[in-house]
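S.K.: My questions all concern the structure below.
A short reminder: the numbers here are calculations on the coordinates, not readings from a lab. All values derive from a computational prediction rather than experimental measurement. Cβ atoms come from the backbone with ideal geometry, glycine included; neighbour counts cover every protein chain shown.
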Amino acid sequence: MEHSFWQRRQFLTRTSIGLGAFALGRLASPGLFAQSGASGSNGLPDLPHFPAKVKRVIYLFQSGGPSQLDLYDYKPMLLKMHGEQLPDSVRKGQRLTGMSAGQSSLPLTGSIFDFKQYGSSKRWVSELMPHTAKIVDDLCFIKSMQTDAINHDPAITFFQSGSQLAGRPSMGAWMSYGLGSENQNLPAFIVLVSKNASGQPLYARLWGNGFLPTRHQGVQFRSDQDPVLFLNDPEGYRSTDRRSMLNNVRKLNELQAEMYGDPEIANRIAQYEMAFRMQTSVPEVTDLSDEPDRVFEKYGPESRDPGTYAANCLLARRLIERDVKFVQLFHQGWDQHGGLPHGIRRQCKQTDQPTAALITDLKQRGLLDDTLVIWGGEFGRTNYSQGKLTKDDYGRDHHPRCFTVWMAGAGVKPGFAYGQTDDLGYSVVSNPVHVHDFHATLMHLMGIDHERFTFKHQGRRYRLTDVHGHLIKDILS
């Protein structure tokens, strides 16, 4: 019995040596095993499945749930019925959150903000978004988004990972794993979080790797002197010292890989090496001093303040210029259960100008031709007021049944709107788009068939869209 145990162990060890050597060989010479046409991206050998229209993604995630009824989904009937009770025939027994389920009154609430039509596409946009209104002909609106979750944490987790339960890989991690990176000196997936923005908490698992190899987790860039934690050398420590240390640690890790064949050892080596290269690349990309004044003026006064939403939009452009695959901005503060008019004005003032500036900046540089920009939150807001409705104040509760997101750039139709909600903005009446449909379409644009892109974990094959999801063909250019 002992003899057969060692035979199996020797077989597994020798097999894993080959796998480990393959992984380590890729680290030593990244282009050696790259698939043809992938520019040494180190993605999976069978990806992309077909030619991609999108090379890079910037996802402007508006955490908290922006009110579509006060921004992009104009409802004159809601204004006419302002103050009347939400009809049972419209609600149809739909689940409400605990924050408004106990209200004795659910008064319909039209937006107090003016809407006008803009551009040749004649899209309705609120007065809160004057800069975005100027670029509507570049935007592809989806007005019929739907989600399964009604509370923030599961809803944000669902959008990021395709599951309401924590632990699955984020969409950026999936893209990094499948497609790799065109820049060997920066991570494929980078996360930027607006500083001084209060609201629902954000957790690192939202950009985590889940059960995928650890090298594919999102790397958060911060606004202080250390954009990436633990990247800088300690005082009195030279780069040659770090190089020597990494060489010796690598030898130890290679011995471990030969002995145990654990693929995470190769990932650990890759992360050490990436961190070493980032000591040069990160300070260069995060130093905005080489940007001319006209660029800062375009993005707004806050763009000079590192860590603000405006500065992060500018940094996102610099990152995708360097071929970072997936950049995600998180901006908190859209959760307006009460005092919505004041709160949403503040949010739009922070985000409207830099968002529009990012689109025009990318377009002027020719980067919008192969970059996709996405704007949206985890769900929408109700058409009735949470709390007391007054002449100039109201709140809106969470609403998963319909909300608006938009895309701009490669692969989608500009000046286009897809889907429609009812006259009171409560339910989708045409072309519903589920979160899994959104994910399936995003992957298609990046050259991935969402049903074929899987990862086996604990005996089961997982995918970002899990068990369903359909391509939204009508929005594709």
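S.K.: Could you check the simple spin-label distance between residue 185 and residue 284, using points 7 Å along Cα→Cβ, in nm with one decimal?
M.R.: Roughly 0.2 nm, to one decimal.
S.K.: Same structure again: For the chain, what does the helix formula give at 222 nm: sum of -39500 (n - 2.57) over DSSP H segments with n ≥ 4, over the residue count, nearest 500 deg cm²/dmol?
M.R.: Computed ellipticity for the chain at 222 nm equals -11000 deg cm²/dmol.
S.K.: While we're on this one: Could you give the length gained on full extension between residue 246 and residue 84, defined as 0.36 nm per residue of separation minus the Cα-Cα distance, in nm?
M.R.: Additional length available on full extension: 51.5 nm.
S.K.: Still on this model: With a ≥ b ≥ c taken as the square roots of the eigenvalues of the C-alpha gyration tensor of segment 185-290, please select rounded if a/c is under 1.5 and otherwise prolate if a/b is larger than b/c or oblate if it is not?
M.R.: Oblate shape, in that a/c is at least 1.5 and b/c is the bigger or equal ratio.
S.K.: Can you give me the long-range amide H partners of residue 421? Hydrogens built in the peptide plane at 1.01 Å from N, cutoff under 5 Å, separation of 5 or more residues or another chain.
M.R.: Those lying under 5 Å, H to H, from residue 421 are 429.
S.K.: Compute the FRET efficiency between residue 239 and residue 323 as 1/(1 + (r/R0)^6), taking r as their Cβ-Cβ distance and R0 = 30 Å, and round to the nearest 0.05.
M.R.: It comes to 0.75.
S.K.: How much length is gained on full extension from residue 349 to residue 392, taking 0.36 nm per residue of separation minus their Cα-Cα distance?
M.R.: Using 0.36 nm per residue and subtracting the Cα-Cα distance, I get 13.6 nm.
S.K.: Once you sort the root eigenvalues of the Cα gyration tensor of segment 319-452 as a ≥ b ≥ c, which label holds: rounded (a/c under 1.5), prolate (a/b larger than b/c) or oblate (the other case)?
M.R.: Oblate, since a/c reaches 1.5 and b/c is not below a/b.
S.K.: Give the peptides 426-432, 395-401, 348-354 in descending order of average Cβ contacts within 10 Å, highest first.
M.R.: Going by the mean number of other Cβ atoms within 10 Å, highest first, we get 395-401, 348-354, 426-432.
S.K.: Enumerate the amide H contacts of residue 59 below 5 Å, restricted to partners 5 or more residues apart or on another chain; note that Pro and chain-start residues carry no placed amide H.
M.R.: Answer set, sorted by chain and number: 327, 328, 329, 374.
S.K.: How much FRET efficiency would the formula 1/(1 + (r/R0)^6) give for residue 293 and residue 204, where r is the Cβ-Cβ distance and R0 is 30 Å, rounded to 0.05?
M.R.: My answer for the efficiency is 0.25.
S.K.: Then there is this: Determine the gain in length on full extension of the stretch residue 474-residue 105; use 0.36 nm per residue of separation and subtract their C-alpha separation, reporting nm with one decimal.
M.R.: Result for the pair: 128.9 nm of gain on full extension.
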